[in-house]
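A.B. asks: Before I ask anything, here is the structure I am working with.
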Amino acid sequence: MKKIILTFCILTSLGLSAKKNTSMVFSVAPNRQVEFSKGNLQYQATTNTFRFAKHQYEIIGDANENIGPDYEGWIDLFAWASSGYDNRTNDPDVLYVYPWSWRCRLEHSANPLNPFGYGPSTTMEEASLVGTSREYDWGVHNPIKNGGNRKDMWRTLTRDEWQYLLTGRKNAQQLQHMYDVNGVHGLLLLPDNFQGDILQMTFRQLEKQGAVFLPGGGMRFHLKVVDAGNQGSYWSSTAATRGSAYFMGVYPGYAALSTELYGRHPGRSVRLVRDVNTK
């Protein structure tokens, strides 16, 4: 991957509607394309509001350390499956995890009714955030204030979809570049049918052609945020083991799928998508 450094201030961002524009879609399976949200997911605890970042390069960074139910600011690093879905009425064995939760999975592992930690309990048929467990997916359960404001409009990519996006679609390597915008390092993803020389284009021009920028928003471990602006990671909806989940990591020089070895409690970025019918 090439690394491009820009200091250009972004003036526009991706639209929200799922347009049938084949020049702005991203293949995540042989016969499935998606549109990315205009920015990373953000949350305000005091109003229980979800929204998308106004700009693609926007990250909250160290302010995520203020996470808590009374914090009036916004956060953008989430523990896995912390959509706020309260299923205790139907499933008393579930461990209800708020979007602002920061506690380590190990603090919950002694609960024999919920060895998975965050997300679906043992009584759920699906360990991943699909099927009967899809409500734990941020985009399925929550209306996004500036993303249509209705439930079930967005979703999180699965592990296989992230993998196909990075390595499986046609010209996958040519359609991704390590990229810096406004001092934030991240991954630039180009749509399937992109044509042009990115070295000759501003980021504003790339955005108009559907380019997606995944900023390195850092990671939150308990109440400590590290590497904001330099690297980051994006959750998938796929469980890896009884206490971990897959994510897509954005590092200096490369991006790759990984398994979280420390459980599901670290705060990571969430970038939602929705399926697009291009026919």
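A.B. asks: Using amide H atoms built 1.01 Å from N in the peptide plane, name the residues 5+ places from residue 25, or on other chains, whose amide H lies under 5 Å from its own.
C.D. replies: Amide H neighbours of residue 25: 192, 193.
A.B. asks: A further question follows. Report residue 50's accessible area, 1.4 Å probe, all protein chains in place, as a number in Å² to the nearest 10.
C.D. replies: Residue 50 has an accessible surface of roughly 10 Å² with all protein chains in place.
A.B. asks: Test of the criteria: in segment 159-198, which trypsin sites (Lys or Arg not before Pro) are in a DSSP loop and have at most 15 other Cβ atoms within 10 angstrom of their Cβ? Numbers along the way, then the final one.
C.D. replies: On the way: sites: 159, 169, 170; in loops: 169, 170.
For trypsin sites (Lys or Arg not before Pro) across segment 159-198 that sit outside H, G, I, E and B with at most 15 neighbouring Cβ atoms in 10 Å, the list reads 170.
A.B. asks: How large is ³J(HN,Hα) for each residue in segment 259-271, as worked out from phi by the Karplus curve 6.51 cos²θ - 1.76 cosθ + 1.60 (θ = phi - 60°), to whole Hz, x for Gly and Pro?
C.D. replies: So the Karplus estimates, Gly and Pro as x, are 10, 6, 7, 9, x, 9, 7, x, x, 10, 6, 10, 10 Hz.
A.B. asks: Oh, and also: Using θ = phi - 60° and the Karplus relation 6.51 cos²θ - 1.76 cosθ + 1.60, list the HN-Hα couplings for segment 46-54 in order, rounded to whole Hz, with x at every Gly or Pro.
C.D. replies: Listing the rounded values in order: 5, 10, 6, 10, 9, 8, 9, 4, 5 Hz.
A.B. asks: Name the residues whose placed amide hydrogens come within less than 5 Å of the amide hydrogen of residue 233, ignoring near sequence neighbours (fewer than 5 apart) on the same chain.
C.D. replies: Here the answer is 217, 218, 250, 269, since their amide H atoms fall under 5 Å of that of residue 233.
A.B. asks: What does the extension gain come out to for residue 167 and residue 86, with contour length at 0.36 nm per residue minus their alpha carbon separation? If you can, show how the numbers build up before the last one.
C.D. replies: Numbers: separation 81, 0.36 × 81 = 29.16 nm, distance 3.61 nm.
Stretched out fully, the residue 167 to residue 86 stretch lengthens by 25.6 nm.
A.B. asks: Testing the spin-label approximation: label points 7 Å from Cα along Cα→Cβ at residue 261 and residue 226. State their distance in nm.
C.D. replies: 1.2
A.B. asks: Which parts of segment 21-54 would a label at residue 193 reach, counting a residue when its backbone N lies under 19 Å from a point 7 Å out along Cα-to-Cβ?
C.D. replies: Under cut-off, by backbone N: 21-36.
A.B. asks: Here is a follow-up. Rounded if a/c is under 1.5, else prolate if a/b is larger than b/c, else oblate: which is segment 166-252, with a ≥ b ≥ c the root eigenvalues of its Cα gyration tensor? Kindly include the intermediate steps, with their values, before the conclusion.
C.D. replies: Working: a/c = 3.08, a/b = 1.50, b/c = 2.06.
Oblate.
A.B. asks: Please give the solvent-accessible surface of residue 36 in Å², to the nearest 10, using a probe radius of 1.4 Å with every protein chain present.
C.D. replies: 0
The values are calculated or read from the model by the stated rules, or taken from the named source; none is laboratory data. Since this is a predicted model, take the numbers as computed values, not measurements. Virtual Cβ from ideal backbone geometry, glycine too; neighbours counted across all protein chains shown. For accessibility, only protein heavy atoms count, side chains too; no ligands or nucleic acids. Shrake-Rupley method; radii C 1.70, N 1.55, O 1.52, S 1.80 Å.
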